[in-house]
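For reference, the structure is listed below as structure tokens.
The values are calculated or read from the model by the stated rules, or taken from the named source; none is laboratory data. Since the structure is predicted, the reported quantities are computational estimates derived from the model, not experimental observations. Please note: Cβ atoms are built from the backbone with ideal geometry, for glycine as well, and neighbour counts cover all protein chains shown.
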Amino acid sequence: MSLDSQALRVLECMARMSAHLPSQPTAAQLRLLQHERTRAFAGSPREMAGIEDLTLDGVGIRLYVPHGAADVSPLLIYCHGGGFVTGDLDTHDVACRHLADEGHVRVAAVDYRRAPEHPFPAALEDGLSALRALHRDAAAYGVDPARIIVGGDSAGGSLAAVMAQQLRDRPGPQLAGQLLFYPCTRGDVAADSPSRRQHAEGHGLTLAGMRWYMAAYAADHDPRDVRISPFYDADPGGLPPTFLATAEHDLLRDEGEVFGWRLSRHGVLVTQRCYPGTIHACICMDGVLERGRQMLDDAACWLRTFTH
């Protein structure tokens with residue numbers, strides 16, 4: 001279907017917000033823009049029973065505990081999106097509260113180091129360090145170490161998928177699930193899929209923007225390295241149950257869908273949905289995009305299956 005009316009209005013507003021930027025904006029300017037968009041588009045923050053900012057093994061973590069949480073509950077370790085450059089704990093605060101509240105789980109948002117100041121593998125190392133620390137100290141935070149899920153959106157979805165692959169292939173904590181919102185699964189930025197060609201411009205995330213983000217993150221590393229591009233995992237079997245959401249008018253749609261299909265064909269239990277009429281980053285625009293709220297609600301419903 002075509003872009004829905006809500007997405008069209010958001011894109012028009014985003015164009016006005018970014019009109020003042022130079023042709024080659026800095027990371028600092030893009031971070032300020034993302035915070036402006038968060039203030040304009042995010043929904044109302046849900047009340048939590050507790051929110052605590054921690055530092056575990058040198059990594060910043062924001063822990064959300066919803067009202068009515070069991071003494072010991074599942075934990076979603078969440079990596080924010082933003083091209084590995086612009087997002088942070090505050091830009092994804094509303095989404096994390098929503099998932100905690102509706103999913104009946106604790107959520108630990110990871111304040112990983114960002115590019116270009118800290119290129120690959122800094123973000124991945126921080127995500128894995130946070131996961132291992134929370135698994136090790138699970139009892140102290142009311143977490144069941146057998147019910148830990150990794151998740152994220154866009155670049156954060158890439159980090160979560162890579163973390164799941166890394167943990168599958170080595171001794172240590174085993175995951176109960178992975179939750180991926182429109183993940184960036186391919187770091188090689190070529191216009192070689194229908195969604196990358198159709199949505200290269202004018203739909204929020206652009207192909208030129210993605211090239212800039214990936215250059216900042218990958219730096220001198222091969223963008224097809226499976227630790228940057230989980231799409232290229234040669235054997236995607238053995239991964240935990242997966243919720244994978246894509247947006248119809250997003251250049252990342254096709255690689256996300258193919259990634260999910262490959263998991264399913266290799267025996268992974270996958271719940272996969274493409275949300276029509278909407279755009280990239282919609283879960284951070286849940287105040288104005290009904291599809292963003294629906295995506296969060298569906299993911300939270302999937303999370304509740306781990307509470308039984």
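For residues that are farther than 15 Å from D169 by Cα and in a loop (DSSP other than H, G, I, E, B), tally how many sit in segment 221-239.
Count: 7.
Quick check on segment 244-253. Is at least one of its residues modelled with pLDDT of 95 or more, assigned to a helix (DSSP H, G or I) and buried (at least 17 other Cβ atoms within 10 Å of the Cβ)?
yes
What is the residue count in segment 266-308 for residues that are assigned to a strand (DSSP E or B) and either touching a residue at least 40 places away in the same chain (Cβ under 8 Å) or out of contact with any helix residue (DSSP H, G or I) (no Cβ under 7 Å at 6 or more places or on another chain) (or both)?
4
Given the criterion surrounded by 24 or more Cβ atoms within 10 Å (Cβ to Cβ) and modelled with pLDDT of 95 or more, identify the matching residue among P183, P145, P119. Break it down stepwise before answering.
Details: P145 fails: surrounded by 24 or more Cβ atoms within 10 Å (Cβ to Cβ); P119 fails: surrounded by 24 or more Cβ atoms within 10 Å (Cβ to Cβ).
Answer to the selection: P183.
Return a yes/no flag: does segment 117-128 have any residue that is touching a strand residue (DSSP E or B) at 6+ places or on another chain (Cβ under 8 Å), in a loop (DSSP other than H, G, I, E, B) and either in contact (Cβ under 8 Å) with a residue 24 or more places away in the chain or of a type outside the set (K, R) (or both).
Here is the first cut: in segment 117-128, the ones touching a strand residue (DSSP E or B) at 6+ places or on another chain (Cβ under 8 Å) are 123, 126-127.
Of the ones still in play, those that are also in a loop (DSSP other than H, G, I, E, B) are none.
No, every residue in segment 117-128 fails to be touching a strand residue (DSSP E or B) at 6+ places or on another chain (Cβ under 8 Å), in a loop (DSSP other than H, G, I, E, B) and either in contact (Cβ under 8 Å) with a residue 24 or more places away in the chain or of a type outside the set (K, R) (or both).
Do any strands (runs of 3 or more DSSP E) lying entirely in segment 49-111 carry at least 3 residues that are farther than 24 Å from R31 by Cα and in contact with a helix residue (DSSP H, G or I) (Cβ under 9 Å, 6 or more places away or on another chain), and which ones are they?
Output list reads 73-79.
Since V226 meets every condition but one in (1) of a type in the set (V, I, T); (2) without any contact (Cβ under 8 Å) to a residue 60 or more places away in the chain; (3) more than 26 Å from Q24 (Cα to Cα), which condition does it not meet?
It is condition (2) that V226 fails.
Please pick out the residue among L134, L179, L175, L159 that is in contact with a strand residue (DSSP E or B) (Cβ under 8 Å, 6 or more places away or on another chain), assigned to a loop (DSSP other than H, G, I, E, B) and touching a residue at least 60 places away in the same chain (Cβ under 8 Å).
Just a single option satisfies the conditions, and that option is L175.
Could you check segment 12-46 and list, in sequence order, the residues that are surrounded by fewer than 18 Cβ atoms within 10 Å (Cβ to Cβ), touching a residue at least 24 places away in the same chain (Cβ under 8 Å) and part of a loop (DSSP other than H, G, I, E, B)?
Passing the criteria: S44, P45, R46.
Given the criteria polar (S, T, N, Q), more than 23 Å from W261 (Cβ to Cβ) and touching a helix residue (DSSP H, G or I) at 6+ places or on another chain (Cβ under 7 Å), does Q166 qualify?
no
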